[in-house]
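In what follows, a structure is listed as C-alpha cells, so that the remarks can point back to it.
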Amino acid sequence: MKKLTSLFASMVVCLSLLLGACSEEKATPDPQAEVSQPAPVGQSGVSDDVSQKDIVKVAVGSKDHTTLVAALKAADYVDVLANAGPFTVFAPTNAAFAKLPAGTVEDLVKPEKKETLRNILEYHVSVGVYKTEQFTDGQMLDQANSEKVKIGVKDGKITVNGATIIASVPAANGIIHVIDGVLLPQTK
Amino acid sequence: MKTKLHLAMIAGLLAIVLLPSCKPKDTSSAVTGDAASKSYVAPGKYDEFYNFVSGGFSGQMSCYGLPSGRLLRVIPVFAVDPEKGWGYSEETKPMLNTSHGFVPWDDLHHTEMSQTNGEVDGRWVFGNANNTPRVARIDLTTFRTVEIIELPNSAGNHSSPFITENTEYVIAGTRFSVPSDNADGDVAINTYKQNFKGYLSFISVGKDDGKMDIAFQLACPGVNFDLSHAGKGKSHGWFFFSCYNTEQANSLLEVNASQRDKDFIMAVNWKKAEEYIKAGKGKKVPAKYAHNTYSDATHSATSEMKTDVMVLDTKEFTDICYMIPCPKSPHGCDVDPTGEYIVGSGKLAALIPVFSFDKVQAAIANKAFDGQFDGINVIKYEAALYGEVKKPGLGPLHTEFDGKGNAYTSFFVSSEVVKWNIKDLKVLDRVPTFYSVGHLCVPGGDSKKPFGKYLIAYNKITKDRFLPTGPELSQSAQLFDISGEKMQMILDFPTIGEPHYAQAAPADLIRKNQVKIFKIDENKHAYVTKGEKESKVVREGNKVHVYMTAIRSHFSPDNIEGVKMGDEVYFHVTNLEQDWDVPHGFAIKGAINAELLIMPGETATLKWIPEKVGIFPMYCTDFCSALHQEMQGYIRVSPAGSNVPLMFSLGNTIDGKAPATK
Ligand SMILES: [Cu+2]
C-alpha cells in the first residue's frame, strides 16, 4: 500500500511537471525586443513637409532665432511647442539675447541650469492665439510659467514688458511675435 | 508486482494522454511559443501590411495593420456614419443616392484592390453593396469613398467587385436573377424560368482617374451568380463565375437549389463580348441608376441619374459563355497566380475540383460539349478538369494562393484551413479555425504576384473566443504565419460588422501616397470661407447660409442672431488649419442629424432647421487644442416675423455689428 501511495505521488509530480511545461510554453513577448527600441521622439520629430510649419519649425527656419532654438533644445522644450497648442510665443531675436550680460546665455544652456532656462522660456509662451489686433494697452497675459506679462499699445507700437514686437509670423499651431528683448521672469 | 506494473503502465498512459491535452483544447491549442513575437509590432512601429476588410452588414470597410491586428480606420462606404458626418453632411448625402432614393445602409461583402499587370498597385480598393446593388471605389490616398455606381438589372450584388488584371473592368454578377428593370416586373414568381435573367455588369475604370462607368452588361440565363475571379496571364480576357441554383428554383432554395449533383462555373470570354459591343451588337436599354462621385476639389459629391445601359444578350452568341460543371453549389471561384488553374469550391462538396484553362480552351476547340444549359454550351466535366483534391475537408468555400505553388482553402463545415499543392493536388497541412471560417486573405492572394507570408481566416462564429459581450459578439479573425511548411496561428482579433472577403498589400505601396491636408487655396467648395475676415451670414429668403471658419480655438462667427422659425440654416464650416491631423468638429444642440468632422482645408455643411425659439449652443466636437473647450458659440432663434436683424460676430474685433439686445 505504501508503495502504491508513493507511485501515486510520483504520478502527481509527473503531472505537475507536465503542467508546468505547459504553462512555460505560453508565449510571452521577448523583453529584449522592447529594451532595444530607440528612445521615443516627441511631436517635433513627426516627419511632415506638407503641413504649414509649426512654431518650432518656423523658429528653426529663422536665421535670427538660432539662440532661441538652441535654448529651446537645451531646455527640452521643442516637443511642447510642436504640440497642438495653440500658442502665442514671444520670440527674442539673437540680437535680443546678445543684449543680456556677457556669459548669461552660455551659462543658461548648461545642463544644471535647465530648470532656470525652462522657466525663462515658458515666460515667453502663452496658451491661446493672440493676434496683434487683439492686444490692448495694459492687457495682462498668463504665461506658461504661471507669471503674467503686460502688453503695451501706444502710437501703433506694441510692447510686451517693454520689449517691442517687431514682426508677427503665423504658424500652424499658433503665432510668433518677434521681440527685441528677452523677457525675464520674477521667479527662477 | 503485477499491480505495480499495471499502475506504472497506467501512469505512463496517463502522461501520454495528458501531454496533448495539456494544451487546452480551446483557445490556445494551435499557438506555439514564438507567436507573440511574430505578431508583435512595438509601440511606434508600423505594420508590414495594410489589410482592407469588408464590413459585411455594417456597410463599411475596415482597415487593419498586419501582423498586429491594429484597427487603423473604419472607412464609411454604404452606410451612414454619424462619427464622420458621412451621409449626414450636405456634401456626402449624394453619395448614398440611388434610383430608390437615399439609402442609408448596405451590406459590403468583398473588397478588391486595383491591379496593374496583375499586381496589386495600391491605388484604389473597391467594395460591393450586396443589397441595393452598387460598387464603390475608395481612394487610397485619402481613404475615402470617392465613387459609387448603382447596377441596374441586378439584385443581390454578390459576385462583385472583382477586377481584370489591369483594372480594365470591375465585374459585378447578380446573385438574384430578376426580370430586367425595363420589363414589366409584375409577373408570377414561379415564372422564374421564362422571365428572370442574370446580368453581369462590366464596369470600366478610368486608367488614370479611376472613374467608373457601366461599359456593358451581359444578359445570361436566370441562375444565382455567387462569386467570380478574372483570368490572368494566359487566361487574361476570361472571367469565371460560380453559379448555383441552376435548378432555377424560386422557393426553398435550401432544398430546391441543391438537387443537382453539379452546378456550373461559367467561363466568360469578355474580350469576345467587347468585340461584339464594338461591332454594335449591343442594345441600349432604358434603365435608371445613380452614379455618385466625390470631388476633393469641391469637397462635395454629386449624384447623376443615368437613363440607359448597353446590354449584350449572350443567348445570341455561342462563343461568349461556356458552362463548366462544378460539384454541389459552388461558392468560391478562384484563379491561381499563373492563370492556368481555376478552383471551384462546392459548398456542399467533399472534394475540390481544379479546372485547367488550357483544357477548357481545348474542349471549346474540340466541341467537347455535354449538351446545353439554357442555350449555353456545357463543357464535359472531365474535358475541363485538371484534377480533384480528394477528401480535403467538408464544405470548401474560398481559396487563396501564396505564389509558391500552394493553395489555401477554407472549410466552413469542418472549420479549418487546408493547404494543398496546386500541381499534385496533395493536402500538405490543415489547421483548425475558431470557428467556421468563411473567407481567407493572403496579401495579394488573388493576384499574379501574391506577397504571401500571412493568411487571415475570417470566421463566422465566435462563441467563446473572446471575453463574452452578451448575445451579440464581434466576428473573429485569425492570423497565420504561412512562411514555413506548416501554418502557424499567431493572432486572434475581433472585426467590424461581418467580414467577408479581404485584401492586403505591403504598407509601402500605400503609406507614401497619403494626403495629410487639403490645401485651402485649392478649395473650390461653393461656400468656402478662406479666412476669418470673409466669414459672414447671408440670408436668401428663408435660407440662412453661415460662412463659418474653424481654427484653433474658435469658430468665426461664434455669435449669430436674427435666425427665425421657419428658416433653414446651413453651416458651411471651413477648417482653416493646414496642419496634419487637426480636424475640427461641429455640432449644434437639437440637430436631428449628426456632427461634422472637417479635415484641414476642407469645407463641410450641416443643415439645421430650428424647432423652437431660444438660444442654441454649438461647439467643436474634436479635441483640437488646449482651448478646445473654449471652442463654442451661440445662435439665437427668434419667432417667425421677428424684427431681430441678422447679425454675427466673433469677440469684439471682427466685422459685423455688435450683437443686438432685446
Ligand atoms: Cu476644434
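The values are calculated or read from the model by the stated rules, or taken from the named source; none is laboratory data. Here the structure is a predicted model, which means the values were calculated and not measured. Ideal geometry is used to build each Cβ from the backbone, glycine not excepted, and the neighbour counts take in all protein chains shown. In case anyone asks, the SASA skips ligands and DNA or RNA and just uses the protein heavy atoms, side chains included. Shrake-Rupley method; radii C 1.70, N 1.55, O 1.52, S 1.80 Å.
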In nm, give the distance between the simple-model label positions of B:K234 and B:D209, each being 7 Å from the Cα along the Cα-to-Cβ direction.
-> 4.0 nm
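Once the Cβ-Cβ distance between B:E534 and A:K150 is put in as r, and R0 is 35 Å, what FRET efficiency do you end up with, to the nearest 0.05?
Given R0 = 35 Å and the Cβ-Cβ separation, E is 0.60.
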Percent relative contact order of region B:520-656, based on C-alpha pairs within less than 8 angstrom and at least six residues apart?
-> 28 percent
For chain B, longest principal axis from Cα atoms; helix B:2-21 axis from its Cα atoms; angle between them, nearest 10 degrees, is 50 degrees
Phi angles of region B:215-223, converted by Karplus (6.51 cos²θ - 1.76 cosθ + 1.60, θ = phi - 60°) into ³J(HN,Hα) in whole Hz with x for Gly and Pro, give 5, 6, 10, 9, 7, 10, x, x, 9
Please report the Cα spread of region B:295-420 along all three principal axes, rounded to whole Å, starting with the longest.
-> 56, 39, 27
Once the dipole of chain B is set up with Lys and Arg at +1 and Asp and Glu at -1 on Cβ about the Cα centre, which of B:L425, B:V146, B:M61 lies farthest towards its positive end?
-> B:L425
Expressed as a whole number, the average count of other chain Cβ atoms within 10 Å around the Cβ atoms of B:44-51 is 1
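Calculate the mean, over all residues of peptide B:574-585, of how many other protein chain Cβ atoms lie within 10 angstrom of the residue's Cβ. Kindly include the intermediate steps, with their values, before the conclusion.
Numbers: counts 0, 0, 0, 6, 6, 11, 6, 4, 7, 0, 0, 0.
Mean partner shielding for this stretch: 3.
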Ranked output for segments B:104-115, B:287-298 by mean other Cβ atoms within 10 Å, highest leading, reads B:104-115, B:287-298
Amide H to amide H, which residues 5 or more places from B:T433 or on other chains are under 5 Å from it, using H placed in the peptide plane?
-> B:E416, B:V417
If contacts are Cα pairs under 8 angstrom and at least 6 residues apart, what is the relative contact order of region A:43-179 in percent?
-> 28 percent
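Could you tell me whether region B:520-656 comes out rounded, prolate or oblate from its Cα gyration tensor? Rule is a ≥ b ≥ c as square roots of the eigenvalues, rounded for a/c under 1.5, then prolate if a/b exceeds b/c, otherwise oblate.
prolate
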Expressed as a whole-number percentage, the relative contact order of chain B with C-alpha contacts under 8 angstrom and at least six residues apart is 11 percent
Derived scalar couplings ³J(HN,Hα) [region B:126-138; Karplus, 6.51 cos²θ - 1.76 cosθ + 1.60; whole Hz; x for Gly, Pro] = 9, x, 10, 9, 7, 8, 9, x, 8, 10, 10, 10, 10
Nearest 20 debye, what's the magnitude of the dipole of the protein assembly as shown about its Cα centre given +1 on Lys and Arg Cβ and -1 on Asp and Glu Cβ?
-> 1300 debye
Any chance you could look up the accessible area of B:K453 with a 1.4 Å probe, heavy atoms only, rounded to 10 Å²?
-> 80 Å²
Going by average Cβ neighbours within 10 Å, how do the peptides B:84-96, B:124-136 rank, with the highest at the top?
-> B:124-136, B:84-96
Peptide A:46-55 - average C-beta neighbours from other chains (10 Å radius) = 4
Per the 1/(1 + (r/R0)^6) rule, R0 = 51 Å and r from the Cβ atoms of B:L252 and A:K63, FRET efficiency to 0.05 is 0.05
Positive end of the charge dipole of region B:520-656 (Lys, Arg +1 and Asp, Glu -1 on Cβ, about the Cα centre): tell me which of B:S642, B:L606, B:C620 has its Cα farthest that way.
-> B:S642
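With every protein chain left in place, what is the accessible area per residue of the protein assembly as shown in square angstrom, probe 1.4 Å? Walk me through the numbers before you get to the answer.
On the way: 36520 Å² over 850 residues.
Result: 43 Å² per residue.
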Nearest 0.05, what FRET efficiency do B:D464 and B:N421 give at R0 = 25 Å with Cβ-Cβ as r?
-> 0.15
Between rounded, prolate and oblate, where does the protein assembly as shown land on the alpha carbon gyration tensor, with a ≥ b ≥ c its root eigenvalues, rounded for a/c under 1.5, else prolate if a/b exceeds b/c?
-> oblate
Cα gyration tensor category, rounded, prolate or oblate, for region B:48-511 with a/c compared to 1.5 = rounded
Interface area, B with A, accessible, probe 1.4 Å, both sides summed, Å² nearest 100 = 2500 Å²
